[in-house]
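A quick write-up on the structure given underneath.
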Amino acid sequence: MKQETTVKGSNALAAVRDAAISALISLGLFLPLVGFETIVNIRNELTLDTRWPLLFTMVALVFVGRLAYSLFAAPRLAQRKQHAAAAPAWLGTIGKWFVPFAIGFVIVYPVLVLSTAGFGGALKWVDNFGIQILIYVMLGWGLNIVVGLAGLLDLGYVAFYAVGAYSYALLAKEFGFSFWLLLPLAGIMASFWGVLLGFPVLRLRGDYLAIVTLAFGEIIRVVLINWVDFTNGYAGISGIPRPTFFGIPFTAGDDGFAATFGLEFSPIYRTIFLYYVILALAFLTAFVTVRLRRLPVGRAWEALREDEVACRSLGVNTTNTKLTAFSIGAMFGGFAGSFFAARQGFISPESFTFIESATIVAIVVLGGMGSQIGVAVAAVVMIGGTEIMRELNFLRQIFGESFDPTQYRMLIFGFAMVVIMVFRPRGFVSTRQPTVFLKERKTISSDLVGEGHG
Amino acid sequence: MEVFLQQLINGITLGSIYGLIAIGYTMVFGIIGMVNFAHGDVFMVSTFVALIAFLFITTWIGVPSIAVALLLVLLVAMLFTSLVNWAIERLAYRPLRGSFRLAPLISAIGMSIFLSNFVQVTQGPRNKAIPPMVQGDMVLFSQNGYNVTLSLKQAIIWGVTAILLVAFWYLVAKTRLGRAQRACEQDQKMAALVGVNVDQTISITFIIAAALAAVAGTLYLTYYGVVNFADGFVPGVKAFTAAVLGGIGSLPGAVIGGLLIGLIETFWSAYFSIDYKDVAAFSVLAITLIFLPQGLFGRPDVEKV
């Protein structure tokens with residue numbers, strides 16, 4: 001009994017010491033960048049100001065956080081590890097009902113929002129949350145073919161998104177083709193570029209492949225910026241024709257959508273229409289992926305992901321397998337891009353930076369590579385989360401008027417990427433359902449999934 | 001001819017900076033086989049630390065000579081940047097060692113986004129400019145009224161780079177620490193069996209990488225006098241290109257690759273188009289990886305089943 005208390009006492013002492021060391025290290029880390037602030041004064045010179053209170057608050061937070069972690073969280077985590085948690089049964093039941101429920105929810109979502117928030121308030125919720133998230137869900141599913149199924153880490157996916165967007169914008173403006181004609185065309189263009197950029201990188205693998213695709217993505221962006229005659233450079237392209245409801249434009253005029261159907265004009269109709277377009281496109285992506293996984297090419301992708309050498313020695317044509325993955329993934333990127341251009345009515349190279357690619361890759365990886373539900377959940381969490389940051393106005397009352405929560409979006413995003421990788425390197429949904437099975441479908445735990453080196 | 005010589009001087013200066021960053025990439029790749037995507041942003045953090053140290057020393061303390069100030073700034077930047085990189089390795093990479101192959105890369109991308117936004121939030125999004133620290137130049141050569149000059153700044157950059165490279169070479173080739181490092185590069189398990197502290201060696205590798213990036217950062221600040229939170233990505237990719245061009249894992253390769261990239265970029269800007277100078281560097285990266293994946297001095301990657 002007595003022994004136990006002394007053990008506990010020394011534990012507490014060790015925890016305090018540990019927390020003190022962490023605090024000291026964080027003091028060193030934060031001292032230059034948080035402790036000092038560079039300010040331009042009236043004479044336009046750079047001067048230094050101090051922010052000691054902020055610095056010490058942060059250090060104190062680290063101290064308290066570390067102490068709480070080692071006293072309370074760490075023992076519990078260790079305990080949990082010992083009784084390796086078998087997934088409770090109710091999780092399986094939820095899993096079974098989750099997909100139909102989610103599909104039903106996204107279909108009725110605009111109606112739900114309309115009935116609760118009214119015509120004025122619904123616009124933001126359908127546009128910023130519905131459409132914005134669905135674009136990323138679709139991009140995530142498209143990239144999932146390349147990264148999740150074929151195991152080729154592509155850090156330049158945004159290039160295909162850009163190709164789709166610029167194809168639609170330029171062709172629609174120059175020739176006045178309709179959205180429905182240009183949508184497949186943009187997909188074909190993007191998939192052509194996918195093959196073109198896929199060819200040179202066939203021999204590369206892993207990190208190298210990632211970096212070269214990144215370089216390609218950046219090259220396309222720099223070209224978009226500098227080829228002013230063609231793309232109008234930084235200024236971007238504005239006045240891109242908006243999609244119509246099978247020929248009926250969403251305008252306030254007499255031949256507009258509202259007038260034709262005898263409704264009062266409101267911008268919400270266009271938004272809701274766009275919502276269903278992107279929803280249909282996203283479902284198309286998911287459906288095609290699910291079907292492709294059962295075709296020989298889909299099986300070849302997954303085999304390639306697990307082990308490229310074994311794949312080749314079994315006679316799989318890795319060149320074709322990789323190129324199809326690149327081109328089909330790129331095609332969906334192109335669809336999403338042309339939808340993006342049609343929705344915004346304005347595009348510029350600013351929308352196609354590396355951060356976008358990193359965001360999409362993060363969604364795929366955090367969702368659990370290859371899992372479509374995981375990717376969708378990750379997109380909702382990451383994009384919905386960063387959009388919600390815009391809405392947190394009450395924080396301003398706590399931290400003062402100058403506090404702008406949107407500034408912290410990417411900061412938290414980057415931090416979340418690291419934290420999720422450290423704690424769940426396999427992503428949210430880390431189990432894999434085998435597509436090919438002998439008698440019964442067994443769920444493969446993430447611990448058992450071997451990683452190929454392809 | 002005069003323009004060529006002048007561009008050669010400028011290119012070597014830029015190349016020295018890239019070379020110093022490239023060593024960080026190549027060392028980390030050599031020892032744990034990961035592309036430390038955040039290294040460019042560590043370099044950017046070091047430019048800010050150097051800026052703050054410079055302002056602190058000149059306006060708050062005041063030192064007699066600029067040389068002393070510069071040396072102090074260099075030391076402070078090296079110290080704090082090393083601490084940052086050490087912490088990054090401990091928090092974001094070490095838990096992922098032995099995890100699946102792409103995990104550290106994704107974690108590093110997250111870290112890169114975090115670092116640049118952290119600096120943006122704490123120091124503001126605008127460019128930070130300081131008055132030139134060192135002035136004066138030396139006319140090397142004059143023809144047709146065109147002077148080929150080597151500025152004092154450039155001379156400092158060449159000198160500091162050369163001294164550090166010699167010191168660094170000594171460290172890796174001649175000391176116990178360097179031996180431990182090379183042992184870990186070849187086989188971590190075996191190195192651990194013969195008594196090398198692998199974790200510590202990896203930590204020290206990250207510290208050295210950061211220290212060299214901090215030297216590059218201080219020199220960058222001295223040379224350009226302007227820093228920005230977004231200035232980590234492009235120099236980072238270029239330095240990575242340098243490391244790949246020289247053969248990733250090869251230390252002399254990184255330096256030579258850095259010089260080559262610096263020269264290619266400068267000549268491309270001078271003779272072709274300054275708008276497309278980033279395209280030149282990125283194309284070199286793609287072309288090298290596709291046609292010469294082992295680089296100029298690297299060992300070919302042998303595939304074992």
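Apply the Kirkwood formula to the range A:130-203: the hydrodynamic radius equals the inverse of the mean of 1/r over all pairs of different alpha-carbon atoms; give it in Å with one decimal. It would help to have the intermediate numbers written out before the result.
Details: mean 1/r = 0.0746 Å⁻¹.
For the range A:130-203, inverting the mean 1/r across all distinct Cα pairs yields 13.4 Å.
Normalising by the residue count of chain A, find the relative contact order in percent from Cα pairs under 8 Å and 6+ residues apart. Walk me through the numbers before you get to the answer.
Numbers: 595 pairs, mean separation 97.7, N = 454.
Averaging sequence separation for qualifying contacts and normalising by length gives 22 percent for chain A.
Could you tell me the largest-minus-smallest coordinate of the C-alpha atoms of chain B on each of the three principal axes, in descending order and whole angstroms?
Projected onto the principal axes, the Cα atoms of chain B cover 64, 48, 38 Å.
Report ³J(HN,Hα) in whole Hz for each residue of the range B:143-152, in order, from the Karplus equation J = 6.51 cos²θ - 1.76 cosθ + 1.60 where θ = phi - 60°; Gly and Pro get x.
Running phi through 6.51 cos²θ - 1.76 cosθ + 1.60 with θ = phi - 60° gives 8, 6, x, 10, 8, 8, 10, 10, 7, 4 Hz.
Quick one: what are the phi-derived ³J(HN,Hα) couplings along the range A:148-154, Karplus 6.51/-1.76/1.60 with θ = phi - 60°, whole Hz, x for glycine and proline?
Per residue, the Karplus-derived 3J(HN,Hα) values read x, 8, 8, x, 9, 6, 10 Hz.
If the cut-off is a Cα-Cα distance under 18 Å, which aspartates and glutamates reach B:Lys128, setting aside same-chain residues fewer than 8 apart in sequence?
A:Glu37, A:Glu45, A:Asp49, B:Asp41, B:Asp231
Between the range A:251-292 and the range B:191-212, what is the C-alpha centre distance in whole Å?
58
For every other residue with a beta carbon closer than 12 angstrom to the beta carbon of A:Pro249, add +1 if it is Lys or Arg and -1 if Asp or Glu, then tell me the sum.
Numbers: positive: A:Arg242, A:Arg270; negative: A:Asp254, A:Asp255.
Local net charge: 0.
Of A:Val40, A:Pro53, A:Ala15, which is farthest on the positive side of the dipole of the range A:2-73, counting Cα position, with +1 on Lys and Arg Cβ, -1 on Asp and Glu Cβ, and the Cα centre as origin?
Of the options given, the answer is A:Ala15.
Once each part is reduced to its C-alpha centroid, what is the distance from the range B:123-188 to the range A:294-367 in angstrom?
Measuring centre to centre over Cα atoms gives 41 Å.
Over chain B, what is the relative contact order in percent, taking alpha-carbon pairs closer than 8 angstrom and at least six residues apart?
On the way: 472 pairs, mean separation 108.0, N = 305.
35 percent.
Provide the gained length on full extension for the span B:Arg179 to B:Val226, in nm with one decimal, where the gain is 0.36 nm per separating residue minus the Cα-Cα distance.
Working: separation 47, 0.36 × 47 = 16.92 nm, distance 3.86 nm.
Once the chain is fully extended between B:Arg179 and B:Val226, it gains 13.1 nm.
Hey, what did the range A:2-73 get for relative contact order, percent, Cα under 8 Å, at least 6 apart?
On the way: 55 pairs, mean separation 27.3, N = 72.
About 38 percent, as a whole number.
Testing the spin-label approximation: label points 7 Å from Cα along Cα→Cβ at B:Gln186 and A:Ala14. State their distance in nm.
Reported label-point gap for B:Gln186 and A:Ala14 is 3.7 nm.
Ignore the peptide's own chain and count Cβ atoms of other chains within 10 Å of each Cβ in A:45-51; give me the average, rounded. Could the numbers behind the result be given before it?
Working: counts 5, 9, 3, 9, 0, 2, 1.
Across the residues of A:45-51, the mean count of other-chain Cβ atoms within 10 Å is 4.
What number in nm² do you get for the range A:2-73 if you take the convex hull of its Cα atoms and divide its surface by four?
Details: hull surface 21.3 nm².
One quarter of the hull surface, i.e. the mean projection, equals 5.3 nm².
How large is ³J(HN,Hα), in whole Hz, for each residue of the range A:164-178 in order, when computed from phi with the Karplus curve 6.51 cos²θ - 1.76 cosθ + 1.60 and θ = phi - 60°, using x for Gly and Pro?
In residue order, the calculated couplings are x, 5, 6, 4, 5, 4, 6, 5, 5, 6, 6, 10, x, 5, 7 Hz.
Among B:Ile157, B:Ile12, B:Ile290, which one moves the most in a GNM of chain B with springs linking Cα atoms closer than 10 Å?
Highest fluctuation of the listed residues: B:Ile290.
Taking H placed 1.01 Å from N in the peptide plane, check which residues at least 5 places from A:Thr47 or on another chain put their amide H under 5 Å from its amide H.
Residues meeting the criterion, in which the H sits 1.01 Å from N, are A:Ile39, A:Val40, A:Asn41.
Would you kindly state how much longer the chain becomes between A:Arg80 and A:Ala68 on full extension, computed as 0.36 nm times their sequence separation minus their alpha carbon distance, in nm to one decimal? Intermediate results must be reported in sequence, preceding the final value.
Details: separation 12, 0.36 × 12 = 4.32 nm, distance 1.74 nm.
Full extension of this stretch gives 2.6 nm more.
Over the alpha carbons of the range B:1-122, what is the largest minus smallest coordinate on each principal axis, giving the biggest first in Å?
For the range B:1-122, the Cα spread along each principal axis is 51, 46, 26 Å.
Contour minus end-to-end for A:Trp180 and A:Leu392, with contour as 0.36 nm per residue of separation and end-to-end as the Cα-Cα distance?
Details: separation 212, 0.36 × 212 = 76.32 nm, distance 3.78 nm.
My answer for the length gained is 72.5 nm.
Tell me which residues come under 5 Å, amide H to amide H, from B:Ser151 once H is placed; ignore anything under 5 positions away on its chain.
Answer set, sorted by chain and number: B:Met138.
Using a basic spin-label model with each label point 7 Å from the Cα along Cα→Cβ, how many nm lie between B:Trp158 and A:Arg291?
6.6
Report the normalised scattering of chain A as log10 I(q)/I(0) at q = 0.10 Å⁻¹, calculated by the Debye formula with identical scatterers on the alpha carbons.
Debye curve over Cα of chain A, log10 I(q)/I(0) at q = 0.10 Å⁻¹: -0.90.
Along its three principal axes, how long is the range B:66-197 when you only count alpha carbons? Whole Å, largest extent first please.
The Cα atoms of the range B:66-197 stretch 64, 42, 32 Å along the principal axes, largest first.
State, in angstrom, two size descriptors of the range A:100-249 derived from its alpha carbons: Rg to one decimal place and Dmax to the nearest whole number.
18.4, 55
Whole number please: convex hull volume per residue of the Cα set in the protein assembly as shown, in Å³? Each step should come with its number before you reach the end.
Details: hull volume 167.7 nm³, N = 759.
Each residue corresponds to 221 Å³ of Cα convex hull volume.
The numbers here are math on the coordinates, done by the rules we state, and not lab data. Because the structure is predicted, anything quoted here is derived from the model rather than measured. A quick note on method: Cβ atoms are made from the backbone with ideal geometry, for glycine too, and the neighbour counts reach across all protein chains shown.
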